[in-house]
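Step one of this worksheet: look at the structure below.
Where a number appears in this text, it was derived from the coordinates with a stated rule and is not lab data. Quick caveat: nothing in here was measured; it's all calculated off a predicted structure. Here the Cβ is made from the backbone with ideal geometry for all residues, glycine too, and neighbour counts use every protein chain on show.
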Amino acid sequence: MEIWRSALRLLELMTIVVSGGSLDSLKHRTELLEALTGFTTETPSVECTLQGTPRSPVFSADGDFIIGGVFSIHYQLYTVTYNYTTKPEPPRCTGSIDTRELRFSRSMIFAIEEINNRTDLLPGIKLGYQIYDSCASVPVAVHVAFQLSNGQDPVIYKGTNCSQSGVVMAAVGESGSTPSISMSRIMGSFNIPQVSHYATCACLSDKQQYPNFFRTIPSDRFQADALAKLVKHFGWTWIGAVHSDSDYGNSGMASFLDAALREGICVEYIESYFRTDPSSKIQRVADAIRRSTAMVVVAFIASGDMRVLLEELARDPPPPRQWIGSESWVTDTFMVRYSFCAGAIGVAIPQAVIPGLRDFLLDLSPSEVAASQLLTEFWEEAFNCSLTKSPAVNKGLCDGTNDIKRLKNPYTETSQLRVTNMVYKATYAIAHAFHNALCLETIATTQCDKLIKLKSNQIFTELKKINFSQNGYHVSFDANGEPVAAYEVVNWQTNESGSTEVVTVGSYDASLPVGKQFHINRNITWMEGGSQVPLSVCSESCPSGTRKVLQKGKPICCYDCKPCPEGEISNITDSPDCIPCPKEFWPNAKKDACFPKPVEFLSFEEILSTILATFSVSGACLAIITAAVFFRHRTTPIVRANNSELSFLLLFSLTLCFLCSLTFIGPPSEWSCMLRHTTFGITFVLCISCVLGKTIVVLMAFKATLPGNNVMKWFGPPQQRMTVVSFTFVQVIICIIWLLVSPPFPVKNLTTYKEKIILECALGSAVGFWAVLGYIGLLAVLCFMLAVLARKLPDNFNEAKMITFSMLIFCAVWITFIPAYISSPGKFTVAVEIFAILASSFGLILCIFAPKCFIILFQPEKNTKKYLMNKN
């Protein structure tokens with residue numbers, strides 16, 4: 001029962017730590033330390049005894065001060081199901097060694113030995129180390145964190161409280177974000193600073209939760225932004241996304257998706273998994289990649305998780321895909337053997353050179369290897385032999401001829417040191433913090449006191465202030481404990497020998513202004529060895545002249561291309577909207593540019609204008625010829641009987657009527673607009689006045705023949721002239737008022753036709769225009785009525801009948817003109833007006849003068865006084 005109670009209490013305390021809670025009481029801390037490390041403080045004794053079995057470091061060395069190190073050297077945890085009847089053993093690692101992580105741990109040893117040999121950094125002080133393998137597991141990382149925080153002396157004497165004898169002052173690690181989070185929650189409670197070389201989760205930037213956490217590698221927030229900009233840089237808007245189901249992958253992918261959304265990138269699918277997930281889930285992720293339409297796959301995956309996915313994909317390689325990798329796996333030389341990923345690009349930690357590191361890594365003597373269980377395991381895996389006297393099955397004894405310098409694996413690959421330099425910088429950062437806390441620099445010497453009772457919070461304080469350069473690489477931390485974000489753009493390229501290698505093709509610097517952060521300085525090899533950037537879009541780009549219309553229920557990158565509406569253009573590809581052209585412009589046929597609208601008016605060059613002008617001039621000539629005939633035969637009875645003075649005045653006005661139609665042809669101007677309407681109005685009134693005068697004379701002439709009627713004395717030539725002048729003067733007054741108040745003016749008509757401009761004369765005052773027409777119409781109706789009254793007067797040549805016909809034609813023309821004028825578009829409005837002027841003018845001249853001219857010219861025998869006086 002006691003075992004069960006202890007186990008439940010341990011589970012409760014572990015839940016507090018891992019879920020983000022804090023050990024807010026000494027009782028809680030003591031209980032958890034007892035449960036995990038075996039220390040007991042049940043009785044108030046001066047002796048604290050280690051009850052459990054401590055976890056042994058994979059590498060260790062004594063020193064005046066100890067630096068901890070935690071690396072994911074193995075990626076699997078040996079799990080055992082306990083029945084709570086026996087004491088659990090500490091969790092242990094299993095599986096193959098991640099030789100890259102082994103290189104990281106050995107690089108930390110190299111850095112510490114290099115520091116111990118320096119005379120300018122911590123002179124007289126020797127740094128020791130305790131490096132642990134966390135198996136990339138949270139339980140082991142938590143166990144290591146408590147052990148680093150508490151120490152592992154078997155017996156401690158310190159009054160009634162267990163001291164922290166052997167406690168490390170700072171630690172390098174962990175490689176993964178999730179184990180680092182768990183470690184930081186524990187070590188942060190004891191103010192022990194933690195400097196990670198590879199934990200990139202943006203969540204670790206939260207200083208409220210992780211105040212003791214530092215890192216020499218940039219946060220995933222910058223990496224996610226760089227990856228999104230990289231995808232946008234190459235024009236990819238339709239991608240697939242895969243990420244680790246861990247703090248690293250979940251946080252990194254969330255940051256990437258936010259950045260992708262800002263860049264207008266759409267994601268077809270998002271899949272997540274962890275390397276320990278069932279194979280069915282890994283296969284589901286692989287199938288999603290195989291059947292997707294997106295050509296680009298963004299993989300925000302930890303190196304160990306990526307290896308599992310690539311192994312699954314290798315069983316049935318997918319169609320060609322352009323892989324975009326996070327720095328965790330894209331520079332891992334173990335991955336390049338998967339040929340279907342050739343052409344992958346991604347961001348990586350900048351390359352570095354660490355003098356002497358390669359020799360240190362490869363200088364492994366047999367005795368050194370045999371003395372380390374981890375190195376022995378590495379050696380036996382690398383050379384497939386056994387160093388023990390009883391070799392395993394299918395393994396022979398290592399005969400001493402194995403040369404590690406000929407070995408090709410991530411441990412020996414030092415041509416592209418990236419994350420290794422982050423380990424190197426983290427170790428030096430802690431050393432500089434120790435130096436600033438322990439040493440006093442004078443002008444001549446540097447003196448360090450190793451007997452100072454140093455506390456971890458002093459190292460924590462000094463770490464926040466460090467600012468130095470090592471091997472040309474600057475090291476400092478901002479307020480969030482992070483360095484300046486800078487990456488290299490790398491590309492998997494196939495070399496001449498046929499093998500794939502990681503090549504640097506550009507750079508990304510987050511400190512530069514937007515638009516200048518990326519710099520590509522080398523050709524990129526794409527999937528399947530292509531030299532052209534692959535296309536990965538949900539919909540093809542919409543060309544100029546079209547706009548994007550989103551497809552219902554699909555992401556914004558899936559759309560149809562619709563032509564721009566009438567009068568609008570788009571002059572860029574993938575335009576979301578079309579823009580209208582300015583009022584006086586119109587789109588071209590492709591609707592990608594606006595051009596000035598063609599200007600239309602009744603021009604002399606047009607056939608219609610030529611025809612109308614011909615009739616106009618012909619009518620004027622006909623009027624002049626008629627006047628000449630009348631003048632030549634002015635003494636004949638027909639001419640004398642038809643009031644020759646009014647006839648000549650009528651012919652003069654008709655000539656003007658014919659010619660005034662020419663003012664309507666040509667581009668409108670201020671003078672032509674005023675002239676055409678006023679001339680037309682006045683000449684027609686003059687014309688109708690003459691016809692009206694002739695009609696009145698005819699009526700009065702017959703009334704004067706009655707006995708005792710002397711009415712003709714009131715309608716003699718002076719009165720006829722005065723009548724014509726009076727009627728015409730009224731029209732002149734109307735026109736003057738119209739011109740003074742609101743005269744006609746030229747205007748660009750943009751409404752009748754959308755695609756062209758009609759140059760026309762605006763009426764100015766519509767009242768003035770219709771007053772002019774109305775007055776003409778009033779005189780025409782009056783003249784018509786009088787002519788109707790006189791149409792049956794007895795006469796061989798009844799002029800009143802001809803006037804009736806002419807007025808009938810005149811009125812019919814102008815009554816028809818009104819609806820035609822209103823409904824005719826553009827320049828045809830002017831043509832209708834000219835036609836009405838010509839038609840009414842020809843009606844007058846033909847009806848009134850043609851019969852007389854016919855008699856004068858072809859029937860002179862009828863041009864006698866006797867014939868005219870003969871009554872039927």
Calculated from DSSP helices alone, with each H run of at least 4 adding -39500 (n - 2.57) and the total divided by the residues of the chain, [θ]222 nm to the nearest 500 comes to -14000 deg cm²/dmol
What is the gain in length, in nm to one decimal, between Asn384 and Gln447 on full extension, counting 0.36 nm per residue of separation less the C-alpha to C-alpha distance? 17.7 nm
Paired Rg and Dmax values of the range 402-453, which use every Cα atom, in angstrom: 18.2, 51
Can you list residues from other chains, or at least 5 along the same chain, whose modelled amide H is less than 5 Å from the amide H of Ser536? Thr237
Output the DSSP H helices from the chain with an along-axis C-alpha extent of no less than 27 Å and a mean Kyte-Doolittle hydropathy no less than 0.0. 419-438, 607-632, 670-704, 717-741, 766-789, 799-823, 827-858
Using per-residue counts of other Cβ atoms within 10 Å, averaged over each peptide, order 663-670, 483-490 from highest down. 483-490, 663-670
Between the range 294-351 and the range 445-502, how far is it from one alpha carbon centroid to the other, in angstrom? 26 Å
For the range 189-200, in residue order, the Karplus 3J(HN,Hα) values (coefficients 6.51, -1.76, 1.60; θ = phi - 60°; whole Hz; Gly and Pro = x) are 5, 10, 6, 8, x, 10, 10, 8, 9, 8, 7, 10
If I take every Cα pair under 8 Å that is 6 or more residues apart in the chain, average their sequence separation and divide by the length, what percent do I get for the relative contact order? 9 percent
Length added when fully stretched, Thr276-Asp363, from 0.36 nm per residue minus Cα-Cα: 27.8 nm
I'd like to compare 194-203, 759-768: which one has the highest average count of other Cβ atoms within 10 Å, and what's the full order after that? 194-203, 759-768
Using the Kirkwood radius built from alpha carbon pairs, what does the Stokes-Einstein equation give as D for the chain at 25 °C and 0.890 mPa s, in µm² per second? 67 µm²/s
Potential extension, Val747-Asn471 segment - 0.36 nm per residue separation minus Cα distance: 91.5 nm
Would you calculate the separation in nanometres between label points at Gln373 and Glu311, each defined as 7 Å from the Cα along the Cα-to-beta-carbon direction? 2.4 nm
Using per-residue counts of other Cβ atoms within 10 Å, averaged over each peptide, order 396-404, 629-637, 847-855, 215-223 from highest down. 215-223, 847-855, 629-637, 396-404
Would you mind counting up the charge near Glu645? Only other residues with Cβ under 14 Å from its Cβ, with Lys and Arg at +1 and Asp and Glu at -1. +4
The range 529-535 - phi-based ³J(HN,Hα) in whole Hz, Karplus 6.51/-1.76/1.60, Gly and Pro as x: x, x, 9, 9, 5, x, 9
Nearby lysines by direct alpha-carbon distance to Lys516 (threshold 17 angstrom, same-chain neighbours under 8 apart not counted): Lys229, Lys232
Cβ under 9 Å from Lys562's Cβ, Lys562 left aside: what net charge do those residues give with Lys, Arg +1 and Asp, Glu -1? +1
Pairs to check: Lys754/Lys827; Lys126/Lys464; Lys207/Lys465. Give those whose C-alpha atoms are more than 19 Å from each other in this structure. Lys126/Lys464
Enumerate the calculated ³J(HN,Hα) couplings along the range 468-480 in order (Karplus 6.51 cos²θ - 1.76 cosθ + 1.60, θ = phi - 60°), each rounded to whole Hz, writing x wherever the residue is Gly or Pro. 8, 10, 9, 6, x, 10, 6, 10, 6, 10, 8, 5, 9
Around Cys135, which amide H atoms from residues at least 5 apart in sequence, or from another chain, sit under 5 Å from its own amide H, with H modelled in the peptide plane? Ile73, His74
Around Leu77, which amide H atoms from residues at least 5 apart in sequence, or from another chain, sit under 5 Å from its own amide H, with H modelled in the peptide plane? Thr94
Given the candidates Cys581, Ser196, Ile115, the one whose Cα lies deepest towards the positive end of the charge dipole of the chain, counting +1 at each Lys or Arg C-beta and -1 at each Asp or Glu C-beta, is Cys581
Tell me, Kirkwood radius of the range 546-596 from alpha-carbon pair distances, in Å? 11.4 Å
Between Arg118 and Lys590, how high is the FRET efficiency from 1/(1 + (r/R0)^6) when r is the Cβ-Cβ distance and R₀ = 60 Å? Nearest 0.05. 0.25
Approximate spin-label separation Ser603-Ala850, in nm, with each point projected 7 Å along Cα-to-Cβ: 3.5 nm
Here the averaged projected area of the range 607-869, based on the convex hull of its alpha-carbon atoms and given in nm², is 14.8 nm²
Virtual spin-label span in nm between Leu407 and Thr85, 7 Å along Cα→Cβ: 4.3 nm
Under a cut-off of 30 Å between alpha-carbon atoms, report the lysines in cross-link reach of Lys694, not counting same-chain residues fewer than 8 places apart. Lys703, Lys713, Lys792, Lys801, Lys852, Lys862, Lys865, Lys866, Lys871
Leu438: net charge of surrounding residues, Cβ under 15 Å, Lys/Arg +1, Asp/Glu -1, itself excluded? +1
